[in-house]
Structures are given as C-alpha cells and as structure tokens.
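A short reminder: the numbers here are calculations on the coordinates, not readings from a lab. These numbers come from a predicted model, not from an experiment. Cβ sites come from the backbone with ideal geometry, for glycine too, and all protein chains shown count toward neighbours.
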Amino acid sequence: MDKIKKIVIDIDDLTKSQIVRMILEKQTEKALEKLSEFYHVTPPQIVVGTIKGKRRTVYALYVQNERKIYALNSEIFFNPFVVLHEYYHHIRTKLGVHRGSERNANKFAQEFVDAYKKIVGNS
C-alpha cells in the first residue's frame with residue numbers, strides 16, 4: 001500500500017484531470033499509456049468483452065495474467081471511474097503487490113474523478 005499511496009500522492013490534480021478528460025473523450029488507450037509512462041509500467045490492454053463466470057456480476061475486470069482490462073460494453077470502456085479502478089489493480093500487480101482491495105481501488109479512481117471535477121468547476 002505504501003508504494004501505491006506514495007505514487008498516487010505524487011500525481012497532481014491537473015494530470016489526474018487530464019487522464020479523466022481523455023477517457024471521457026474516448027481516448028482510453030491514450031490515457032492508460034500516459035498513466036503507465038508515469039508509473040513506469042507497461043500499459044494494460046483494454047477490450048470490450050466478458051470473462052466466463054463474471055458476465056453479469058461486474059462492469060469491468062482486470063485479468064493479471066493477460067494484462068487486460070475487460071469492459072462489459074463500450075459505455076464502460078469510457079467510464080473513468082471504472083477504468084481507473086481496474087487500472088489500480090494493474091499497477092498494484094506491476095509493483096509486486098498482487099491483490100489490491102476494492103476499497104483502495106475505489107479511492108484511487110475517486111481521486112482522479114474529484115480532481116477532474118475540481119479543475120472543470122474552476123474553469
């Protein structure tokens with residue numbers, strides 16, 4: 001948790017806001033590439049699809065051994081909260097911490113969304 005917490009704190013609100021904006025503007029892959037450059041990890045692939053056994057229970061899922069984020073549909077593909085939640089699981093894995101809690105993934109995603117709202121609200 002300390003590695004993730006330190007990295008999250010180092011990202012400024014403007015950068016977080018830009019990531020959210022890219023996802024909203026249907027540039028999800030570009031947003032994940034930018035985040036991955038910042039974290040010094042290979043970006044996960046994001047695809048529209050489902051995993052057997054999870055088709056009706058989740059909007060998106062990160063599959064560690066495939067390094068893929070599966071989004072239930074294209075609407076989810078452009079949902080910043082869901083994409084960033086799953087990306088959190090990706091960076092936890094890449095930083096050597098296998099399983100991240102859902103609460104921490106939610107917090108990570110919410111920090112980006114809140115930064116976007118703050119920046120857009122000040123415009």
Once phi is turned into θ = phi - 60°, what whole-Hz ³J(HN,Hα) does the Karplus curve with 6.51, -1.76 and 1.60 give for every residue of region 64-77, x standing for Gly and Pro?
4, 5, 9, 6, 10, 9, 9, 9, 4, 8, 5, 5, 5, 4
Please compute the modelled spin-label separation between Ser74 and Asn106, points set 7 Å along Cα→Cβ, answer in nm with one decimal.
3.0 nm
Report the local net charge at Thr42: Lys and Arg +1, Asp and Glu -1, summed over other residues whose C-beta lies under 12 Å from its C-beta.
+1
Under 5 Å between amide H atoms, partner at least 5 residues away or on a different chain: which partners does Val48 have, H built in plane at 1.01 Å?
Ala71
